[in-house]
Amino acid sequence: MRIVVLAGGIGGARFLRGLMSAAPDADITVIGNTGDDIHLFGLKVCPDLDTVMYTLGGGIHEEQGWGRAGETFAVKEELAAYGVGPEWFGLGDRDFATHIVRTQMLGAGYPLSAVTEALCARWQPGVRLLPMTDDRVETHVLIDDPEGEGRKAVHFQEYWVRLRASVPAHAVVPVGADQAKPAPGVLEAIADADVVLFPPSNPVVSVGTILAVPGVREAIADAGVPVVGLSPIVGDAPVRGMADKVLAAVGVESTADAVAKHYGSGLLDGWLVDTVDAGVVEEVEAAGIRCRAIPLMMTDLKATAAMAAEALTLAEEVRG
Ligand code: FO1
(Lines give C-alpha, C1' and ligand atoms only; values in the text may rest on other atoms or scores of the structure.)
Protein backbone atom coordinates (compact mmCIF):
# COMPACT_ATOMS: atom_id res chain seq x y z
CA MET A 1 0.00 0.00 0.00
CA ARG A 2 1.30 3.48 -0.90
CA ILE A 3 0.56 6.06 1.78
CA VAL A 4 1.25 9.81 1.52
CA VAL A 5 1.38 11.79 4.77
CA LEU A 6 1.45 15.59 4.99
CA ALA A 7 3.54 16.14 8.12
CA GLY A 8 4.56 19.10 10.22
CA GLY A 9 6.78 18.72 13.23
CA ILE A 10 6.36 16.90 16.48
CA GLY A 11 2.77 15.61 16.13
CA GLY A 12 3.36 14.48 12.59
CA ALA A 13 6.60 12.69 13.41
CA ARG A 14 5.11 10.85 16.39
CA PHE A 15 2.12 9.81 14.28
CA LEU A 16 4.46 8.43 11.60
CA ARG A 17 6.11 6.14 14.15
CA GLY A 18 2.66 4.70 14.90
CA LEU A 19 1.79 4.43 11.20
CA MET A 20 4.97 2.50 10.46
CA SER A 21 4.09 0.14 13.29
CA ALA A 22 0.48 -0.30 12.10
CA ALA A 23 1.43 -0.73 8.43
CA PRO A 24 4.96 -2.19 8.39
CA ASP A 25 4.78 -3.17 4.71
CA ALA A 26 3.42 0.17 3.50
CA ASP A 27 5.45 2.42 1.21
CA ILE A 28 5.20 5.76 3.02
CA THR A 29 6.04 9.12 1.46
CA VAL A 30 6.10 12.09 3.81
CA ILE A 31 5.56 15.55 2.35
CA GLY A 32 7.22 17.74 4.95
CA ASN A 33 6.38 21.33 5.85
CA THR A 34 9.20 23.77 5.20
CA GLY A 35 7.40 26.97 6.20
CA ASP A 36 9.02 26.75 9.65
CA ASP A 37 12.47 27.01 8.06
CA ILE A 38 14.70 29.76 9.38
CA HIS A 39 18.11 31.10 8.35
CA LEU A 40 20.39 31.53 11.36
CA PHE A 41 24.16 32.16 11.54
CA GLY A 42 24.30 31.78 7.79
CA LEU A 43 22.73 28.32 7.99
CA LYS A 44 19.37 26.99 6.78
CA VAL A 45 17.47 25.23 9.57
CA CYS A 46 14.51 23.01 8.60
CA PRO A 47 12.76 22.16 11.90
CA ASP A 48 9.91 20.03 10.57
CA LEU A 49 12.05 18.02 8.15
CA ASP A 50 14.63 17.45 10.88
CA THR A 51 12.02 16.42 13.47
CA VAL A 52 10.70 13.72 11.10
CA MET A 53 14.22 12.62 10.14
CA TYR A 54 15.54 12.51 13.71
CA THR A 55 12.36 10.94 15.18
CA LEU A 56 12.17 8.12 12.64
CA GLY A 57 15.97 7.83 12.43
CA GLY A 58 16.39 7.42 16.18
CA GLY A 59 18.26 10.65 16.91
CA ILE A 60 15.48 12.81 18.35
CA HIS A 61 15.44 14.37 21.81
CA GLU A 62 12.38 12.38 22.89
CA GLU A 63 10.85 14.69 25.49
CA GLN A 64 11.28 17.84 23.35
CA GLY A 65 10.26 16.26 20.08
CA TRP A 66 12.85 18.46 18.32
CA GLY A 67 16.62 18.62 18.20
CA ARG A 68 19.06 15.85 18.94
CA ALA A 69 19.34 13.53 21.92
CA GLY A 70 22.48 13.94 24.03
CA GLU A 71 23.04 17.50 22.89
CA THR A 72 25.72 19.94 24.03
CA PHE A 73 25.64 23.67 23.37
CA ALA A 74 29.28 24.77 23.15
CA VAL A 75 28.83 26.50 19.79
CA LYS A 76 25.68 28.29 21.00
CA GLU A 77 27.57 29.49 24.10
CA GLU A 78 30.51 30.70 22.01
CA LEU A 79 28.16 32.57 19.67
CA ALA A 80 26.54 34.22 22.69
CA ALA A 81 30.01 35.14 24.01
CA TYR A 82 30.53 37.04 20.75
CA GLY A 83 27.15 38.69 21.25
CA VAL A 84 25.88 36.95 18.14
CA GLY A 85 22.19 36.06 18.47
CA PRO A 86 19.50 35.08 18.53
CA GLU A 87 19.92 33.27 21.81
CA TRP A 88 16.24 32.24 21.99
CA PHE A 89 16.60 29.47 19.39
CA GLY A 90 18.35 26.48 20.96
CA LEU A 91 20.66 25.00 18.36
CA GLY A 92 22.84 22.20 19.72
CA ASP A 93 26.29 21.15 18.54
CA ARG A 94 25.08 17.93 16.91
CA ASP A 95 22.19 19.75 15.25
CA PHE A 96 24.58 22.37 13.87
CA ALA A 97 26.27 19.62 11.83
CA THR A 98 22.98 18.92 10.03
CA HIS A 99 22.55 22.59 9.16
CA ILE A 100 26.19 22.92 8.04
CA VAL A 101 25.87 19.92 5.70
CA ARG A 102 22.52 21.16 4.40
CA THR A 103 23.76 24.71 3.78
CA GLN A 104 26.97 23.45 2.17
CA MET A 105 25.00 21.25 -0.26
CA LEU A 106 22.51 24.05 -1.02
CA GLY A 107 25.49 26.33 -1.69
CA ALA A 108 26.88 23.73 -4.11
CA GLY A 109 23.61 23.96 -6.03
CA TYR A 110 21.73 20.91 -4.78
CA PRO A 111 17.98 21.51 -4.29
CA LEU A 112 16.50 21.00 -0.82
CA SER A 113 14.91 17.71 -1.96
CA ALA A 114 18.34 16.28 -2.91
CA VAL A 115 19.83 17.60 0.32
CA THR A 116 17.07 15.99 2.36
CA GLU A 117 17.63 12.68 0.56
CA ALA A 118 21.35 12.89 1.34
CA LEU A 119 20.75 13.62 5.04
CA CYS A 120 18.23 10.76 5.19
CA ALA A 121 20.83 8.38 3.72
CA ARG A 122 22.51 8.63 7.12
CA TRP A 123 19.37 8.52 9.25
CA GLN A 124 17.41 5.87 7.30
CA PRO A 125 13.98 7.07 8.58
CA GLY A 126 12.20 4.24 6.76
CA VAL A 127 10.00 6.65 4.79
CA ARG A 128 10.66 8.82 1.77
CA LEU A 129 10.89 12.36 3.12
CA LEU A 130 10.18 15.09 0.56
CA PRO A 131 10.13 18.80 1.32
CA MET A 132 6.85 20.32 0.12
CA THR A 133 8.90 22.53 -2.21
CA ASP A 134 12.53 23.27 -3.08
CA ASP A 135 11.68 26.97 -3.11
CA ARG A 136 12.04 29.23 -0.11
CA VAL A 137 8.84 29.55 1.96
CA GLU A 138 8.94 31.08 5.44
CA THR A 139 5.84 31.52 7.57
CA HIS A 140 5.48 34.91 9.21
CA VAL A 141 2.96 35.94 11.85
CA LEU A 142 1.35 39.41 12.12
CA ILE A 143 1.26 40.64 15.74
CA ASP A 144 0.68 43.94 17.54
CA ASP A 145 3.89 45.96 17.53
CA PRO A 146 4.91 46.13 21.21
CA GLU A 147 6.86 49.33 20.49
CA GLY A 148 4.16 51.19 18.67
CA GLU A 149 0.55 51.45 17.63
CA GLY A 150 0.70 49.36 14.52
CA ARG A 151 1.41 45.78 13.73
CA LYS A 152 4.50 43.94 12.60
CA ALA A 153 5.34 40.59 11.07
CA VAL A 154 7.68 38.25 12.89
CA HIS A 155 9.13 34.94 11.69
CA PHE A 156 7.07 31.97 12.85
CA GLN A 157 9.98 30.72 14.98
CA GLU A 158 10.18 34.06 16.78
CA TYR A 159 6.43 33.94 17.41
CA TRP A 160 6.52 30.36 18.60
CA VAL A 161 9.88 30.12 20.43
CA ARG A 162 10.71 33.65 21.63
CA LEU A 163 7.15 34.87 22.21
CA ARG A 164 5.79 31.41 23.12
CA ALA A 165 2.71 32.33 21.05
CA SER A 166 1.72 34.53 24.01
CA VAL A 167 0.31 37.37 21.88
CA PRO A 168 -2.55 37.23 19.40
CA ALA A 169 -1.72 36.29 15.83
CA HIS A 170 -3.65 38.58 13.49
CA ALA A 171 -2.53 36.77 10.33
CA VAL A 172 -0.31 33.88 9.35
CA VAL A 173 1.45 34.28 6.01
CA PRO A 174 3.52 31.54 4.33
CA VAL A 175 5.80 34.04 2.53
CA GLY A 176 6.83 32.69 -0.86
CA ALA A 177 4.22 29.92 -0.99
CA ASP A 178 2.34 31.42 -3.92
CA GLN A 179 5.46 31.34 -6.11
CA ALA A 180 6.60 27.94 -4.84
CA LYS A 181 6.50 24.78 -6.95
CA PRO A 182 5.91 21.31 -5.45
CA ALA A 183 9.26 19.57 -4.98
CA PRO A 184 10.18 16.79 -7.43
CA GLY A 185 8.21 13.67 -6.58
CA VAL A 186 5.50 15.41 -4.56
CA LEU A 187 2.74 15.44 -7.19
CA GLU A 188 3.78 12.00 -8.43
CA ALA A 189 3.59 10.54 -4.91
CA ILE A 190 0.10 11.98 -4.47
CA ALA A 191 -1.03 10.65 -7.87
CA ASP A 192 0.33 7.17 -7.05
CA ALA A 193 -1.02 7.07 -3.48
CA ASP A 194 -3.61 4.57 -2.29
CA VAL A 195 -4.44 6.80 0.67
CA VAL A 196 -3.48 10.30 1.88
CA LEU A 197 -3.30 11.04 5.61
CA PHE A 198 -3.32 14.35 7.50
CA PRO A 199 -1.71 13.55 10.89
CA PRO A 200 -2.49 15.59 14.02
CA SER A 201 -0.14 18.36 12.87
CA ASN A 202 -0.98 22.04 13.04
CA PRO A 203 -3.75 22.59 10.47
CA VAL A 204 -2.62 26.16 9.72
CA VAL A 205 1.19 26.40 9.91
CA SER A 206 1.98 22.77 9.05
CA VAL A 207 -0.65 20.97 6.92
CA GLY A 208 -2.07 24.32 5.83
CA THR A 209 1.32 25.53 4.61
CA ILE A 210 1.87 22.36 2.58
CA LEU A 211 -1.59 22.80 1.02
CA ALA A 212 -0.66 26.42 0.20
CA VAL A 213 1.95 25.28 -2.34
CA PRO A 214 0.11 25.70 -5.66
CA GLY A 215 -0.96 22.37 -7.07
CA VAL A 216 -0.77 20.32 -3.89
CA ARG A 217 -4.33 20.79 -2.63
CA GLU A 218 -5.69 20.20 -6.15
CA ALA A 219 -3.57 17.08 -6.61
CA ILE A 220 -4.92 15.62 -3.36
CA ALA A 221 -8.51 16.60 -4.11
CA ASP A 222 -8.22 15.12 -7.61
CA ALA A 223 -6.28 11.99 -6.64
CA GLY A 224 -9.55 10.06 -6.26
CA VAL A 225 -8.28 8.17 -3.21
CA PRO A 226 -9.41 8.41 0.41
CA VAL A 227 -8.04 11.40 2.34
CA VAL A 228 -8.29 10.87 6.08
CA GLY A 229 -7.23 13.25 8.84
CA LEU A 230 -6.80 13.04 12.60
CA SER A 231 -7.84 16.01 14.71
CA PRO A 232 -5.01 17.90 16.44
CA ILE A 233 -7.67 19.50 18.62
CA VAL A 234 -9.05 17.42 21.48
CA GLY A 235 -11.74 18.85 23.73
CA ASP A 236 -11.52 22.34 22.15
CA ALA A 237 -7.80 22.65 22.81
CA PRO A 238 -4.69 21.64 20.88
CA VAL A 239 -3.02 18.56 22.30
CA ARG A 240 0.30 20.34 22.01
CA GLY A 241 1.65 23.61 20.67
CA MET A 242 -0.39 26.65 19.85
CA ALA A 243 -2.76 25.57 17.08
CA ASP A 244 -5.54 27.55 18.75
CA LYS A 245 -3.63 30.82 18.34
CA VAL A 246 -3.08 30.38 14.61
CA LEU A 247 -6.54 28.90 14.04
CA ALA A 248 -7.96 32.14 15.48
CA ALA A 249 -5.79 34.08 13.03
CA VAL A 250 -7.52 32.35 10.15
CA GLY A 251 -10.95 32.61 11.75
CA VAL A 252 -11.34 28.94 12.62
CA GLU A 253 -12.67 27.86 16.00
CA SER A 254 -10.42 25.62 18.04
CA THR A 255 -12.72 22.59 17.84
CA ALA A 256 -12.37 19.17 16.24
CA ASP A 257 -15.29 19.78 13.89
CA ALA A 258 -14.24 23.32 12.88
CA VAL A 259 -10.85 22.01 11.74
CA ALA A 260 -12.50 19.28 9.62
CA LYS A 261 -14.74 21.88 7.98
CA HIS A 262 -11.71 24.15 7.51
CA TYR A 263 -10.07 21.44 5.40
CA GLY A 264 -13.44 20.90 3.74
CA SER A 265 -15.29 17.94 2.30
CA GLY A 266 -13.79 18.74 -1.09
CA LEU A 267 -10.46 17.62 0.31
CA LEU A 268 -11.20 15.45 3.35
CA ASP A 269 -13.14 12.18 3.11
CA GLY A 270 -12.72 11.00 6.70
CA TRP A 271 -11.92 12.57 10.05
CA LEU A 272 -10.99 10.98 13.38
CA VAL A 273 -11.88 12.87 16.54
CA ASP A 274 -11.13 11.94 20.13
CA THR A 275 -13.79 10.21 22.20
CA VAL A 276 -14.25 13.41 24.25
CA ASP A 277 -15.45 15.02 21.03
CA ALA A 278 -17.88 12.24 20.10
CA GLY A 279 -20.61 14.89 20.18
CA VAL A 280 -19.33 16.44 16.95
CA VAL A 281 -19.37 13.25 14.85
CA GLU A 282 -22.86 13.92 13.52
CA GLU A 283 -21.98 17.50 12.61
CA VAL A 284 -18.84 16.45 10.73
CA GLU A 285 -20.77 13.76 8.87
CA ALA A 286 -23.42 16.35 7.98
CA ALA A 287 -20.60 18.33 6.36
CA GLY A 288 -19.99 15.36 4.05
CA ILE A 289 -16.96 13.97 5.91
CA ARG A 290 -17.13 10.45 7.40
CA CYS A 291 -16.27 10.72 11.08
CA ARG A 292 -15.34 8.38 13.94
CA ALA A 293 -14.56 9.09 17.61
CA ILE A 294 -11.61 7.11 18.97
CA PRO A 295 -8.86 7.73 21.56
CA LEU A 296 -6.49 10.21 19.90
CA MET A 297 -3.82 10.76 22.54
CA MET A 298 -0.45 9.52 21.27
CA THR A 299 0.58 8.40 24.75
CA ASP A 300 2.83 5.60 23.46
CA LEU A 301 3.62 3.64 20.31
CA LYS A 302 0.76 1.20 20.87
CA ALA A 303 -1.81 3.99 21.19
CA THR A 304 -0.43 5.80 18.15
CA ALA A 305 -0.39 2.59 16.08
CA ALA A 306 -4.03 2.03 17.01
CA MET A 307 -4.91 5.54 15.79
CA ALA A 308 -3.06 4.95 12.53
CA ALA A 309 -4.83 1.61 12.05
CA GLU A 310 -8.19 3.30 12.62
CA ALA A 311 -7.32 5.95 10.03
CA LEU A 312 -6.49 3.25 7.47
CA THR A 313 -9.72 1.38 8.34
CA LEU A 314 -11.75 4.56 7.87
CA ALA A 315 -10.00 5.09 4.53
CA GLU A 316 -11.14 1.65 3.38
CA GLU A 317 -14.70 2.37 4.55
CA VAL A 318 -14.65 5.63 2.60
CA ARG A 319 -13.21 3.90 -0.46
CA GLY A 320 -16.38 1.89 -0.24
N1 FO1 B 1 11.43 24.91 19.93
C2 FO1 B 1 11.46 25.59 21.12
O3 FO1 B 1 10.42 25.71 21.78
N4 FO1 B 1 12.61 26.15 21.57
C5 FO1 B 1 13.77 26.07 20.89
O6 FO1 B 1 14.79 26.62 21.33
C7 FO1 B 1 13.78 25.34 19.65
C8 FO1 B 1 14.95 25.17 18.90
C9 FO1 B 1 14.91 24.35 17.76
C10 FO1 B 1 16.08 24.08 17.04
C11 FO1 B 1 16.04 23.28 15.91
C12 FO1 B 1 14.84 22.72 15.49
O13 FO1 B 1 14.80 21.92 14.41
C14 FO1 B 1 13.65 22.98 16.19
C15 FO1 B 1 13.69 23.81 17.33
N16 FO1 B 1 12.52 24.06 18.06
C17 FO1 B 1 12.56 24.77 19.21
C18 FO1 B 1 11.22 23.50 17.66
C19 FO1 B 1 10.59 24.26 16.52
O20 FO1 B 1 10.31 25.56 16.85
C21 FO1 B 1 9.31 23.49 16.16
O22 FO1 B 1 9.67 22.15 16.09
C23 FO1 B 1 8.70 23.71 14.81
O24 FO1 B 1 9.13 24.77 14.14
C25 FO1 B 1 7.21 23.70 15.01
O26 FO1 B 1 6.75 22.42 14.74
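Using C-alpha pairs under 8 Å with a sequence gap of at least 6, the mean separation divided by the residue count of the chain gives a relative contact order of 19 percent. Building the convex hull from the alpha-carbon atoms of the chain and averaging its projection over directions returns 16.0 nm². Between amide H atoms placed 1.01 Å from N, distances below 5 Å from Val195 occur with Arg2, Val4, all of them 5 or more places distant or on a separate chain.
Using a cut-off of 27 Å between Cα atoms, the listed pairs Lys44/Lys152; Lys245/Lys302; Lys44/Lys76 include Lys245/Lys302 as exceeding that distance.
Distance from the alpha carbon centroid of the range 45-69 to that of the range 282-316 works out to 25 angstrom. Place a point 7 Å from Cα of Phe73 in the direction of its Cβ. Which residues in the range 85-110 have their backbone N less than 14 Å from it? The answer is 85-96, whose backbone nitrogens lie closer than 14 Å to the label point. Listed values for the range 135-146 are Karplus-derived 3J(HN,Hα) couplings in whole Hz (6.51 cos²θ - 1.76 cosθ + 1.60, θ = phi - 60°), namely 8, 7, 10, 9, 6, 10, 10, 8, 10, 5, 6, x, and x replaces Gly and Pro.
Between Leu106 and Ala237, the FRET efficiency from the beta-carbon distance, with R0 = 45 Å, is close to 0.75. Mean separation of Cα pairs under 8 Å and 6 or more residues apart, divided by the residue count, gives the range 138-177 a relative contact order of 54 percent. Beta-bridge orientation, the chain: approximately 45 percent antiparallel, per DSSP, counting only bridges with both partners inside. Using the Karplus relation 6.51 cos²θ - 1.76 cosθ + 1.60 with θ = phi - 60°, the per-residue 3J(HN,Hα) values for the range 155-164 come to 4, 3, 5, 5, 5, 7, 8, 6, 8, 6 Hz, with x marking Gly and Pro. Compared with the dominant principal axis of the Cα atoms in the chain, helix 47-57 is inclined by about 70°.
Take 283-296, 257-270 and order them by the average number of nearby Cβ atoms within 10 Å per residue, most first; the result is 257-270, 283-296. A simple count of charges around Glu71, restricted to other residues whose Cβ falls under 10 Å of its Cβ and scoring Lys, Arg +1 and Asp, Glu -1, yields +1. Note on Lys181: accessible area approximately 130 square angstrom, rounded to 10, probe 1.4 Å, nucleic acids and ligands left out. Phi-derived couplings, Karplus 6.51 cos²θ - 1.76 cosθ + 1.60 at θ = phi - 60°, listed residue by residue for the range 199-215: x, x, 8, 5, x, 9, 8, 10, 4, x, 5, 5, 5, 7, 6, x, x Hz, with x used for Gly and Pro.
Charge tally for Ile38 (other residues, Cβ to Cβ under 12 Å; Lys, Arg +1; Asp, Glu -1): -3. Here the peptides 45-55, 23-33, 157-167, 182-192 are ranked by packing, the mean other Cβ count within 10 Å, and the order with the highest first is 45-55, 23-33, 182-192, 157-167. Against the chain, whose longest principal axis is taken from its Cα atoms, helix 10-22 shows a tilt of about 50°.
R0 = 30 Å: FRET efficiency of Glu253 with Thr299, Cβ-based, nearest 0.05? About 0.70, to the nearest 0.05.
Counting charges near Ala305 (Lys, Arg +1; Asp, Glu -1) among other residues having Cβ under 13 Å from its Cβ returns a value of +1.
The values are calculated or read from the model by the stated rules, or taken from the named source; none is laboratory data. None of the values given here were measured: they were computed from a predicted structure. Note: ideal-geometry Cβ built from the backbone for every residue, glycine included; neighbour counts use all protein chains shown. For the accessible areas, the whole protein counts, side chains as well, though only heavy atoms, and no ligand, DNA or RNA atoms are used. Shrake-Rupley method; radii C 1.70, N 1.55, O 1.52, S 1.80 Å.
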